[in-house]
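*Asks:* Once you've had a glance at the structure underneath, I'll fire off some questions.
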Amino acid sequence: MKRCERCHVLVSGNPRSCPLCQGDLIGDGEPGRESFPPLAAKPHPQKGLLQLIGLVTAAAAAVCIAVNLSLPDGGWWSIFVVAGILSFWLTFWAVVKKRGNIPKAILWQVALISALALVWNWWTAGRLNWSVDFVIPLLLIGAMIAMAVIAKCMRLRIQDYILYLLLDALFGLIPLILLLCDCLRIVYPSAACVAVSIISLAALCLYEGQALKNEILRRLHL
Ligand SMILES: [Zn+2]
């Protein structure tokens with residue numbers, strides 16, 4: 001065993017330096033033996049939930065494509081469902097990669113994809129139809145569901161919940177304004193988006209209501 005003169009500890013295995021003080025070790029090492037016991041990889045606690053959501057979204061996409069293929073008269077709406085599911089997973093992936101500022105990452109992604117869809121729609125059709133009818137409401141629904149899953153999977157700070165509250169309200173308001181202004185040809189994706197927003201807000205208030213109220217009162221110095 002190696003020994004650290006400064007810390008007075010014996011170190012097994014054959015490390016170069018003391019694990020405590022990073023200083024030099026004296027004595028003979030034991031090559032081939034690990035200094036630390038091997039750490040068993042713990043299964044991620046939410047892995048089952050993620051697998052379930054993965055399966056459900058894949059099944060939803062498959063069913064929509066199959067229904068759409070058998071009844072092609074209604075247009076190729078399944079493309080938009082698949083785009084919505086992809087946006088959900090893209091949001092989730094972006095958030096897991098940049099843990100730091102989750103609501104900001106989601107807001108950026110939604111703004112970017114919406115802007116691209118609007119420009120592309122205007123460019124190809126000369127007016128806004130499929131972007132406001134389908135892409136934006138489905139994108140907002142995907143983002144809100146992703147936020148709910150993230151809130152369930154990760155330990156969030158109460159400030160993040162306040163931003164989620166604001167984003168959920170904003171994401172419900174945008175399609176509601178479009179609906180009330182008669183900008184839409186096809187209403188049901190936007191109506192679904194308003195409903196998801198209301199459900200998300202209700203869930204946030206029911207599960208995090210007291211903590212949110214305390215935090216908002218504290219911020220407003222009441
Ligand atoms: Zn030491």
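*Asks:* Can you spot a residue in segment 197-214 that is β-branched (Val, Ile, Thr) and in contact with a helix residue (DSSP H, G or I) (Cβ under 6 Å, 6 or more places away or on another chain)?
*Replies:* Our first condition is that a residue be β-branched (Val, Ile, Thr); within segment 197-214, this holds for 198-199.
In the following step, the residues that additionally are in contact with a helix residue (DSSP H, G or I) (Cβ under 6 Å, 6 or more places away or on another chain) were identified as none.
No, because not a single residue in segment 197-214 is β-branched (Val, Ile, Thr) and in contact with a helix residue (DSSP H, G or I) (Cβ under 6 Å, 6 or more places away or on another chain).
*Asks:* Can you report the number of residues in segment 131-158 which are over 16 Å from the mean Cα position of the chain (by Cα) and at pLDDT below 85? Even if it seems obvious, please write down each step before you answer.
*Replies:* Applying the first criterion (over 16 Å from the mean Cα position of the chain (by Cα)) to segment 131-158 yields 131-137, 158.
Checking the rest, the ones that are also at pLDDT below 85 come to 158.
Residues in segment 131-158 being over 16 Å from the mean Cα position of the chain (by Cα) and at pLDDT below 85: 1 in total.
*Asks:* Would you confirm, using the coordinates I've provided, whether residue 168 is part of a loop (DSSP other than H, G, I, E, B) and acidic (Asp, Glu)? Working first, answer last.
*Replies:* Working: part of a loop (DSSP other than H, G, I, E, B): no; acidic (Asp, Glu): yes.
Against the criterion (part of a loop (DSSP other than H, G, I, E, B) and acidic (Asp, Glu)), residue 168 does not qualify.
*Asks:* I'm checking my understanding of the structure. Among residues of segment 22-31 that are surrounded by 13 or more Cβ atoms within 10 Å (Cβ to Cβ) and either of a type outside the set (Gly, Ala, Ser) or within 13 Å of the ligand (Cβ to nearest atom) (or both), which one is nearest to residue 7 (Cα to Cα)?
*Replies:* 25
Quick grid of which residues meet (1) surrounded by 15 or more Cβ atoms within 10 Å (Cβ to Cβ); (2) not basic (Lys, Arg):
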| site | (1), (2) |
| --- | --- |
| 142 | yes, yes |
| 150 | yes, yes |
| 153 | yes, yes |
| 166 | no, yes |
| 180 | no, yes |
| 209 | no, yes |
| 213 | no, no |
| 218 | no, no |
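*Asks:* While we're on this one: Search segment 64-75 for residues that are in the same structural domain as residue 86 (by TED's automatic domain parsing) and pair each with any residue that is modelled with pLDDT under 90 and among the small types (Gly, Ala, Ser) when their beta-carbon atoms are under 7 Å apart and the residues are at least 6 apart or on different chains.
*Replies:* 64/78; 65/78; 68/78
*Asks:* A follow-up question, please. Restricting segment 9-21 to residues that are in a loop (DSSP other than H, G, I, E, B) and within 8 Å of the ligand (Cβ to nearest atom), which is farthest from residue 38 (Cα to Cα)?
*Replies:* Checked segment 9-21; the qualifying residue farthest from residue 38 (Cα to Cα) is 21.
*Asks:* Going residue by residue through segment 36-47, is there one that turns out to be within 16 Å of the ligand (Cβ to nearest atom), loosely packed, with under 14 Cβ neighbours inside 10 Å and without any contact (Cβ under 8 Å) to a residue 40 or more places away in the chain?
*Replies:* Yes - at least one qualifying residue is present in segment 36-47.
The values are calculated or read from the model by the stated rules, or taken from the named source; none is laboratory data. Note that the coordinates shown come from a computational prediction; the quantities given were computed from them, not determined experimentally. Because the Cβ atoms are built from the backbone with ideal geometry, glycine has one as well, and the counts that use them run over all protein chains shown.
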